[in-house]
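Remarks on the structure that follows.
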Amino acid sequence: WSGQCAKCGQVHSTHPLQTSRAQGAAGTQLGPRAQAFAVLLKNYYGLPLRSACAVLKQGFGLSLSSGGLTHLLDRVADKLQGKYDELIEKVRGSDAVYADETSWYVGGPGFWLWVFTTPTSTVYRIANSRGHPVAAKVLGSDFAGVLITDCAPVYNKFPGPQHKCIAHHLQAIERQRKQPKMEDPRYLDAWEQLWKEVLELTHARDQFATEEFAARRTAIEARADALLVTVPKQLGDRKFHTRMTNARKHLFGCLYHDVDPTNNRAERAIRPAVVARKISCGNKSERGSRTTEILTSLIVTAKQQARDFLADRTWVMLRQQVE
């Protein structure tokens, strides 16, 4: 169809964002906003492919097969690869990064989903390794910011300051209490009390003058070193003693740097992925895993920055790609 506009002249009915004039099975057209919405359904809300297609069909009359949606997601990820690379550079230059990892599937077990997050940005990376090179590839081997993690040794090779999550220490104390023949609780009680005081001191940082805060920090570290000098006899005490000894260099990073005392920020970032893994069992291919890490990183970062993924530059960028 075509018509005449008094201002523009001849006008065709083809939408300016239409990418093809194909008909029949090849005639389905999805605009950039619909594509961005499909990305949200799959990579943020965690819908399986068939469920996402059902929502698009029932809610908007858009017919799309599971295979078609898969190819759509891959194409969008290709277009946004540059934005993902920029996001990595931004996280790499941050003053503090919270990191964590969990098991993942890419056609089978043996893979890991990593998360590196700050208050304003998040990067996901899927790899077949839980080793230091994966983290170094994202952060850079010379990462100089504060790295907040659990006590996994994979992060120990980074040269910059670190802090080990206090919530994990408290959980480890509870596990060790359940070891056989743990009749005397005093050693673990002392550590538990110390870590609770560290949490309180961290949260009350602004209430103390610099000198007083430093004095309190020194006193706490002296108590910790006294506990480390002790040679405990009970199995649970010995295990926790070993944990604290190995991590001593990074136990009190939250008292030297303005960072959270726990790694909860990274755990919150990784939790939706764990839910998605239970629903879809991860990815079926390496191409799919790359698509997941790119799109999920950009969606979560947009949410952190209070930006609407649909109304934001992401779908605008897709429109520009179409044009």
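Summing -39500 (n - 2.57) over the DSSP H runs of n ≥ 4 in the chain and dividing by its residue number, what mean residue ellipticity at 222 nm do you reach, to the nearest 500 deg cm²/dmol?
Details: 13 runs with 170 residues, N = 323.
Roughly -16500 deg cm²/dmol at 222 nm, from the helical runs in the chain.
Would you please put 95-101, 62-68 in order of how densely packed they are, using the mean number of other Cβ atoms within 10 angstrom per residue and starting with the highest? Don't jump to the answer; show the numbers that get you there.
Numbers: 95-101: 22.7, 62-68: 14.0.
Taking the mean over residues of other Cβ atoms within 10 Å, the ranking is 95-101, 62-68.
Using the Cα centre as the reference, give the magnitude of the dipole from point charges on the C-beta atoms of segment 185-323 (Lys, Arg: +1; Asp, Glu: -1; all else neutral), rounded to the nearest 20 debye. Before the final figure, lay out each step's value.
Details: 24 positive and 18 negative charges, 156 e Å.
For segment 185-323, the charge dipole is close to 740 debye.
Starting from the Cα-Cα distance between residue 175 and residue 207, subtract it from 0.36 nm times their residue separation and give me the gain in nm to one decimal.
Working: separation 32, 0.36 × 32 = 11.52 nm, distance 3.38 nm.
That pair, residue 175 and residue 207, stretches by 8.1 nm at full extension.
At a 4.7 angstrom Cβ threshold, list every cysteine in the chain that has nobody to pair with, or say none.
Among the cysteines of the chain, those whose Cβ sits 4.7 Å or more from every other are 53, 151, 165, 254, 281.
If you take the charge dipole of segment 65-195 about its Cα centre, with +1 on Lys and Arg Cβ and -1 on Asp and Glu Cβ, which of 159, 180, 70 is farthest toward its positive end?
It is 70.
Taking the alpha-carbon distance from residue 278 and a cut-off under 20 Å, which aspartates and glutamates remain once sequence neighbours fewer than 8 residues away in the same chain are dropped?
100, 101, 267, 286, 293
Restricted to Cα positions, what overall size does segment 127-177 have along the principal axes? Three whole-Å values, descending.
Answer, in whole Å and largest first: 38, 26, 12 Å.
To the nearest 20 debye, what charge dipole does segment 72-189 have about its Cα centre, counting +1 at the Cβ of each Lys and Arg and -1 at the Cβ of each Asp and Glu?
On the way: 15 positive and 14 negative charges, 39 e Å.
Rounded to the nearest 20 debye, it is 180 debye.
State to the nearest 20 debye the size of the charge dipole of the chain about its Cα centre, where the only charges are +1 on K and R beta carbons and -1 on D and E beta carbons. Don't skip to the end; give the middle numbers.
Working: 44 positive and 31 negative charges, 234 e Å.
Rounded to the nearest 20 debye, it is 1120 debye.
If I model a spin label at residue 233 and residue 214 as a point 7 Å from the Cα along the Cα→Cβ vector, what separation in nanometres do I get?
If labels sit at residue 233 and residue 214, their model points lie 4.2 nm apart.
Lys and Arg at +1, Asp and Glu at -1: add these up for the other residues within a Cβ distance under 11 Å of residue 146 and post the number.
-3
Any chance you could give the angle, 0 to 90 degrees and rounded to 10, that helix 313-322 forms with the longest Cα principal axis of the chain?
With both axes taken from Cα atoms, the answer is about 40 degrees.
Please tell me the relative contact order of segment 178-318 in percent, rounded to the nearest whole number, where contacts are Cα pairs under 8 Å and at least six residues apart. All intermediate terms of the calculation are to be shown ahead of the outcome.
Numbers: 48 pairs, mean separation 31.8, N = 141.
For segment 178-318, the relative contact order is 23 percent.
Ignoring ligands, DNA and RNA, what percent of the accessible area of the chain is carbon or sulfur (1.4 Å)?
52 percent
Mind sorting out which of (1) 1.29; (2) 0.96; (3) 1.01 is the real Cα Rg over 2.2 N^0.38 Å computed from the coordinates?
The value computed from this structure is option (1).
Let me have the relative contact order for the chain, percent, based on Cα pairs under 8 Å that are six or more residues apart. Could the numbers behind the result be given before it?
Working: 414 pairs, mean separation 83.6, N = 323.
RCO, the chain: 26 percent.
Can you give the accessible area per residue of the chain, in Å², using a 1.4 Å probe?
About 53 Å² of surface per residue is accessible.
Evaluate the relative contact order of segment 48-171 (contact order divided by residue number), counting alpha-carbon pairs under 8 angstrom at least 6 apart; express in whole percent. All intermediate terms of the calculation are to be shown ahead of the outcome.
On the way: 163 pairs, mean separation 21.7, N = 124.
The value is 18 percent.
Once you place label points 7 Å from the Cα toward the Cβ at residue 144 and residue 33, how far apart are they in nm?
Placing both labels 7 Å beyond Cα along the Cβ direction yields 4.5 nm.
Quickly rank 281-290, 33-42, 229-238 as a protection proxy: mean count of other C-beta atoms within 10 Å, highest first.
In decreasing order of mean packing, 281-290, 33-42, 229-238 become 33-42, 281-290, 229-238.
The values are calculated or read from the model by the stated rules, or taken from the named source; none is laboratory data. Worth saying up front: this structure is predicted, and the values here are computed from it rather than measured. Quick reminder, even Gly has a Cβ in these numbers, built from the backbone with ideal geometry, and neighbours come from all protein chains shown. Calculation scope for accessible area: heavy atoms of the full protein, side chains included, ligands and nucleic acids excluded. Shrake-Rupley method; radii C 1.70, N 1.55, O 1.52, S 1.80 Å.
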